[in-house]
1. What whole-number distance in Å separates the alpha-carbon centres of region B:167-201 and region A:309-328?
2. Evaluate the distance, in nm, between pseudo-label points positioned 7 Å from the Cα of A:ALA53 and of A:GLU71 along their respective Cα→Cβ axes.
3. Got the B:THR581 label distances to the other copies yet, label 7 Å along Cα→Cβ, in nm, shortest first?
4. Taking the convex hull of the Cα atoms, report for region A:189-342 its projected area averaged over all directions, in nm².
5. Dipole of region B:229-346 (Lys/Arg Cβ +1, Asp/Glu Cβ -1, origin at the Cα centre): which of B:PHE264, B:LEU238, B:ILE294 lies farthest to the positive side?
6. In nm to one decimal, list the spacings between the B:GLU541 label point and its equivalents in the other copies, with label points set 7 Å along Cα to Cβ, shortest first.
7. Can you work out the Karplus-derived ³J(HN,Hα) for every residue in region B:185-199? Use 6.51 cos²θ - 1.76 cosθ + 1.60 with θ = phi - 60°, whole Hz, and x for glycine or proline.
8. At a Cα cut-off below 18 Å, give the aspartates and glutamates reachable from A:LYS303, other chains included and same-chain residues fewer than 8 away excluded.
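The values are calculated or read from the model by the stated rules, or taken from the named source; none is laboratory data. Here the structure is a predicted model, which is why all the values come from computation and not from measurement. Neighbour counts are summed over all protein chains in view; Cβ atoms, including those assigned to glycine, are modelled from backbone coordinates with ideal geometry. All accessible areas refer to the heavy atoms of the entire protein, side chains included, with ligands and DNA or RNA removed. Shrake-Rupley method; radii C 1.70, N 1.55, O 1.52, S 1.80 Å.
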Number of protein chains: 2
Amino acid sequence: MLRPTARQYEVSRPLYSEEAFTEEHEKVCRRRKTMADHAKQYFTCDSKRAKSAALSLLPVIGWLRIYQIKEWLLSDIVSGVSTGLVAVLQGLAYCLLAALPPWYGLFSAFFPVVIYFFLGTSRHISVGPFPVLSLMIGAVVTRLIPDEGPRFNITGLEDATVDEQRVVVAASVTFLIGIMQLALGVLQVGFLVMYLSDTLVSGFTTAAAVHILVSQLKFVLGLVVPGFSGPLSIIYTLEKIFVQITDTNICDLVTSIIIMVVVFIVKEINDRYKSKLPVPIPIEVIMTVIACGISYAFDFKTKFGVDVVGHIPPGYEAPMAPNLQVFQETAVEAFPMAIVGFAVAFSVAKVYSVKHDYTIDGNQELIAFGVSNIFGATFRCFAVSTALSRSAVQESTGGKTQVAGLLSAIMVMIVTLAIGFLLEPLPRSVLGAVVIVNLKGMLMQVRDVPYLWRRDMPDCVVWVVTCLAAIFLGLDLGLAVGLGIELITVVFRAQFPRCSVLANIKGTDIYKDRKDFLSIYEPEGLKIFRIPSPIFFANVEFFRSKLVEAIGFSPLRVLRKRNKALRAIRKLLKKGELQWTPKGFLVSSNQALKEPEGEGPLEDLDLPTDFQDLPVQINWSAELPAGISVPRVELHSLVLDFAAVSFLDISALKGLKTALKELIRVEVDVYIVACDAYILEKLHACSFFDDEVKPSIFYLTLHDAVLHVLERRGGNTETELHHQKVVTTATVHRPLKGWSSLRSTDKTIPGPETKF
Amino acid sequence: MLRPTARQYEVSRPLYSEEAFTEEHEKVCRRRKTMADHAKQYFTCDSKRAKSAALSLLPVIGWLRIYQIKEWLLSDIVSGVSTGLVAVLQGLAYCLLAALPPWYGLFSAFFPVVIYFFLGTSRHISVGPFPVLSLMIGAVVTRLIPDEGPRFNITGLEDATVDEQRVVVAASVTFLIGIMQLALGVLQVGFLVMYLSDTLVSGFTTAAAVHILVSQLKFVLGLVVPGFSGPLSIIYTLEKIFVQITDTNICDLVTSIIIMVVVFIVKEINDRYKSKLPVPIPIEVIMTVIACGISYAFDFKTKFGVDVVGHIPPGYEAPMAPNLQVFQETAVEAFPMAIVGFAVAFSVAKVYSVKHDYTIDGNQELIAFGVSNIFGATFRCFAVSTALSRSAVQESTGGKTQVAGLLSAIMVMIVTLAIGFLLEPLPRSVLGAVVIVNLKGMLMQVRDVPYLWRRDMPDCVVWVVTCLAAIFLGLDLGLAVGLGIELITVVFRAQFPRCSVLANIKGTDIYKDRKDFLSIYEPEGLKIFRIPSPIFFANVEFFRSKLVEAIGFSPLRVLRKRNKALRAIRKLLKKGELQWTPKGFLVSSNQALKEPEGEGPLEDLDLPTDFQDLPVQINWSAELPAGISVPRVELHSLVLDFAAVSFLDISALKGLKTALKELIRVEVDVYIVACDAYILEKLHACSFFDDEVKPSIFYLTLHDAVLHVLERRGGNTETELHHQKVVTTATVHRPLKGWSSLRSTDKTIPGPETKF
């Protein structure tokens, strides 16, 4: 092997400013697509595009054409039946979360699935009730139609029962959710879900699990607790439960505990022997059937006062139109539901699409869910998404396409139409227990917190704040708060970056933080300032203050002092107390020794120093006449490293320009290096440049700019030279004394190369 | 002058990976301050710190000690008197915005100013009513105590008049605002106002101006319009006004128009002859006095039914305690008011502090305004900030310190205590006209829109959305929406950056977008991918897809294909249909030609290819036996340019690691270059590295990494060499054929340097 340190790096090339580089290297003139081009492309229509659009709108055509009946159909049937059983159970259970009579959950596990079969691009997710979404629906429903207190007035339904009114509210909200999802899909803004980061979703779903747990306690304990909604509702619910904890129905509690323990253990076994079991044991279905049987046999309902599912009317109800009053009342709440429902389904679908190597289309998924929800809502469904556990059943039992989903829907339909009455004696506490035991995965996400704490504090804050906000303020408000915190985190990360002053690693073209390395060379009078993040409204002032700190003086203050001094000199010259001789200024009075008060407007002090009517340009580093003094500026050049500046906004442009101007006006040469091509383009487009700030300040790399500075101001750095063994045969006006300190090679550079 | 193109650039140094560099260059072991250190430093107390803390809490001590009586006092007196006149007028006028009886505005122009004198760090702002803030107070006041409809029930004040109740509400809200500001100041989070970018503030204040204009129309037209609050209130107000436009009081309208025209013209004159006028003409005060006199002389009130200021009770009212019920009811609205009030005052103060070169302290300002508002609220003031126009008067008439402010407060006090009755005949329409004519500056900010449109689209969107939201949804909600949009803009800017594939500019160490330049060299089998922005949850997937696009294949898919092929080979070997001979594989059956179905779990296909039980490692670029085929991968190395990656979050870490692993598993060497030192540190801290992803993939610069790649894989690029005139006298195992294409010099490198 080669020793890495022995490998050598050689570069010999012209020194490039951005301008010189562009001059020398022919650039391809690339025409960027304008908005109009995009629009044109978007609206262009030919038969091929029409066909592909039709195909993308009806994905079922695509995959049914390649359906391999021999290999896939059997798997799909097995999967469909298993999923169907789970879907029936979850339909009933999650319906309790939505505060609706259980059989409406069966509707939700049927109608939307049929539509998704035609429109969905995922082949593995099981569409249907999703606990978090059901709970959010439940919050709206109990807000508008509470158990106690005044109800929202739905025209035409004033005399309907609470349940009937609730169904109308739930269906109307679902309709609205569907419209929103459809609109987002048609507008192609499915990418919005990207803003829901894993951390946010984890915190949010953990909070949702807590809500679900609390909402199911009443079923498990057999208590009557009215639904609360709004901030702190979880506290009120818990209070209500603890107040009447002594009324717990022991039969319910025992049943629930047995079911939870058994289901929990068998699920662990399923997990552990995943590879050995052909199909996971459908323990929830088994336990439900058993519980149903026992409840019927021992007549739990009358003997122990257990709350059971009760009469399930066979068949479907007539379609209904959504209620517009409910739309108005719930528009703000429907939006987060539309987003959450889609986001969860999409993320589950994505996992399976990666695993089975096919593509899903976010916008088409939005359209699919939108239409599913709209269609479902007319048949009194509540909003659907997917449940992770049910999708896992569908996939792990061998489901290959949505044919399995369709079969599961048919299973649900059979229950609704024919054998629903068998479920009537099922205690609600059993459903509650099944829901709770399924929360394990969501609640265990709390383990993310120590993980994030160790790795990334801002992400940890996002998790905790989202979770707490969602628990205490409610899911919709919590989601908004979480999203806000998350966006602020991004801004925050870019807001207080660690700026650094760079210096040269001797004998190389490498520049590093001068505080980090022992042997580092900083040319005198030159500062290299690295801006390690994008610049925008929230940090532009921060950078300016850091820059002032780094260079050690405020350019504006120096400029004002100099202009004041000029005013004083002018005044003295006018008065004749000061005279200009070829040798220098001659003071003829002692009065001027006192710092003269500036006259004239304050604003003029910020203008560039103007030597026009003076006999000579003032050299600010030299002694000034008549005891006038200005702060000495040791800095002659400043290089700003823009390598990590990925964007600039208007505030940044303004701030940067002001800062540059102030520096230029006190005769500091400013250079910007490694600036992104697009940023440079933007600067030109925004007329950033003028007489003072010129495009020639841009250099290609730090080393180019530093070499340029050393060449211009070389004289000063003579004493700092190291390793100078280079013999330059150059015939330039001024020898480049500063340069050689940046080289460490022992060779003689032959003549032809050093052409200057 | 030197021709820039003739200047040459020379570097000869070892090739550095990050590891090699750290090994060779001694690093200073810097101990970073931990949270505990900061806390310790923060809570350490010695006499010096105590003294400086006391001084910073009472800035008055600092500047009173250096008060130059001779130079400053006269200016302060002149400024104080002028400001006082304006303050009286504005106090009355802005009080109408707050929907309170006019004389409470005089209170607000007195009490808070006194406190600010002691606590404030700005020497030039005139503390007192600020129109936008007054309007926001007015919105709360009219929401709780509307003209029509049910009023908020304040215990103990059930029988008070509307005005009395309103004053209690306004004072209580002000108290709450003060507490919030004080808390923010004590917690040292004054930097929060940084989030209010210039663009946001411009859009917001323009919207506020529209609201103010509309709210003053009723006074100008002499109509009775109840106050509306909440979203769309501006529409309702306008509707109410237009419905009764025929009832316009002509006297009010004519007076207003005359005043507006005169004030407007004289203000223009003031502006134009700013440098020539010693003091701007106080036209508003003059016009008010004239209007007052005329109204008294012609008895406008009874003759024309003009609404006048009316009886101003002389003297102050007894202090009051704030109402806690109002706190609960208005907490959400008070927060934006606290922020807006402070933000505006701070930005005005900052302008003057820069102009007059002194420092102001954001947190101390928060404390000052907090205490001022709390103190004021107990004396029935409403929330104060500063009005730009009044501060401009104070500064331009020569105010040097807050002594001028104190004097203006004394002027206001004199009016309250002694000569208030003189203002009684003043028509309210005059006040309205004065308010409206002062809106010019704020409304003219609409010119920012075309400016922003041309320069920066996202900023333009922020302006327009903030303005429209603030107009139609109300100021507080509008501010929240604007803030949200602004934060999203930042995320958005970083979310869809233009990734690019870089290539080498021949003969240099410069890498540019290969699409941008004609003469550019891209070594075969090597891709250089530049990530031009920070990576975080919202764009990590975007980058991964762009990367797959750039390299032209999906590494995961290739890996799966290879693992499937391996399974097939293993199966064939087991069956004996394939045999390994030293010459290669020998197929003894034709059955295997069909693509074999993969067996075993799908997940295993994503593991690294495992050659363990095979007689030989498979060369994936060669022909495979038995007709098995895998996609050919031409890429052998990938270099990721991290120069512009300023931060990574947890999602980015996960995504990056997955992407790297997938690439490494298909035998692509991945290198990361120009990575920020802090990011590298973080990667180590987050246990990013393992057996597959190693720290040795980090290189210092692009050129280092590319040279390293060419050295390792040099053989393949032989045909691509350009300008090869280098004679290497190296004695390495393999000549570095690829290297020389990156050099363009005509020289012979002497032996000692090329040690490999």
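1. Spelled out, the Cα-based centre of one part sits 48 Å from the other.
2. 3.4
3. 10.8
4. 14.6
5. Projecting each Cα onto the dipole axis, the largest value belongs to B:PHE264.
6. In nanometres, ordered from closest: 3.7.
7. x, 5, 6, 6, 10, x, 5, 3, 5, 4, 5, 7, 6, 4, 4
8. A:ASP247, A:ASP252, A:GLU424
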